[in-house]
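Asks: Sending over a structure as structure tokens; questions will come in a sec.
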Amino acid sequence: MTFTEKVKSEILKKQFNNPCCRLATLSAFVRGSGTIAIKNGKIGFEITTENKDSAEYFSNILEHDFGQNLEIDNFKDKFNSKPKYLLSLCNNE
């Protein structure tokens, strides 16, 4: 397990009840793994992670705190045999 995987695993074990803590966690995740995306003229963001639990955790934060549903797709990178998960959100707003 890499250092990054250990840190993400440790964060996922914590239950943040305060919305500002969940927002800070989400912000760090997007900053470290996210990109801006434009799909069909809609602007949004995409986040890539190798950890399915991370994908579900951050998808739940966005749904619970912001009412946004993310699409979660899994794929295999041609350079790495581990599956990866892509979370994407594109809105007109």
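Asks: Could you give the alpha-carbon Rg of segment 1-51 over 2.2 N^0.38 Å, rounded to two decimals?
Replies: For segment 1-51, the normalised Cα radius of gyration is 1.35.
Asks: Now for a separate question. If you take every residue apart from Ile11 with its C-beta less than 14 Å away from the C-beta of Ile11, what net charge results, scoring Lys and Arg +1 and Asp and Glu -1?
Replies: Taking every other residue near Ile11 into account, the sum is +2.
Asks: Same structure, new question: Across the chain, where is the longest run that never hits chymotrypsin sites (Phe, Trp or Tyr not before Pro) in a DSSP loop with at most 16 other C-beta atoms within 10 Å?
Replies: 17-78
Asks: Tell me which trypsin sites (Lys or Arg not before Pro) from the chain have a DSSP coil assignment and no more than 16 other beta carbons within 10 Å of their own.
Replies: Listed in order of number, the matching sites are Lys14, Lys78.
Asks: Here is a further query. Can you check what the net charge comes to around Ala28, using other residues whose Cβ is under 12 Å from the Cβ of Ala28 (Lys, Arg +1; Asp, Glu -1)?
Replies: Once positives and negatives cancel, what remains is +3.
Asks: Tell me what the chain gives for mean residue ellipticity at 222 nm when only DSSP H runs of n ≥ 4 count, each as -39,500 (n - 2.57), the sum divided by the residue total, rounded to 500 deg cm²/dmol.
Replies: After summing the helix terms and dividing by residue count, I get -14000 deg cm²/dmol.
Asks: Could I ask something else about it? At 20 °C and 1.002 mPa s, what whole-number value in µm²/s does Stokes-Einstein give for the translational diffusion of segment 29-93, with Rh from the Kirkwood sum over Cα pairs?
Replies: It comes out at roughly 175 µm²/s.
Asks: OK, next. Determine the sum of side-chain charges near His64: Lys and Arg each +1, Asp and Glu each -1, restricted to other residues whose C-beta is under 15 angstrom from that of His64.
Replies: Neighbour charge sum, excluding His64 itself: -2.
Asks: Of Lys14/Lys76; Lys8/Lys39; Lys6/Lys76; Lys14/Lys39; Lys8/Lys78, which pairs sit farther than 25 Å apart, going by alpha carbon to alpha carbon?
Replies: Over 25 Å apart, Cα to Cα: Lys14/Lys76; Lys8/Lys39; Lys14/Lys39.
Asks: Now, a different point. How long is the gain from Lys42 to Cys21 if the chain were fully straight, where each residue apart is worth 0.36 nm and the alpha carbon distance is subtracted?
Replies: Extending this stretch completely gives an extra 4.7 nm.
Asks: Ok, one more. Between Leu86 and Val7, how many nm apart are label points set 7 Å from Cα along the C-beta direction?
Replies: The modelled label-to-label distance comes out at 2.5 nm.
Asks: Suppose every Lys and Arg Cβ carries +1 and every Asp and Glu Cβ carries -1, with no other charges. What dipole size does the chain come out with about its Cα centre, to the nearest 20 debye?
Replies: 280
FYI, it's all coordinate maths here, none of it is from the lab. As the structure is a computational prediction, the values presented were derived from the model and not from experiment. Cβ sites come from the backbone with ideal geometry, for glycine too, and all protein chains shown count toward neighbours.
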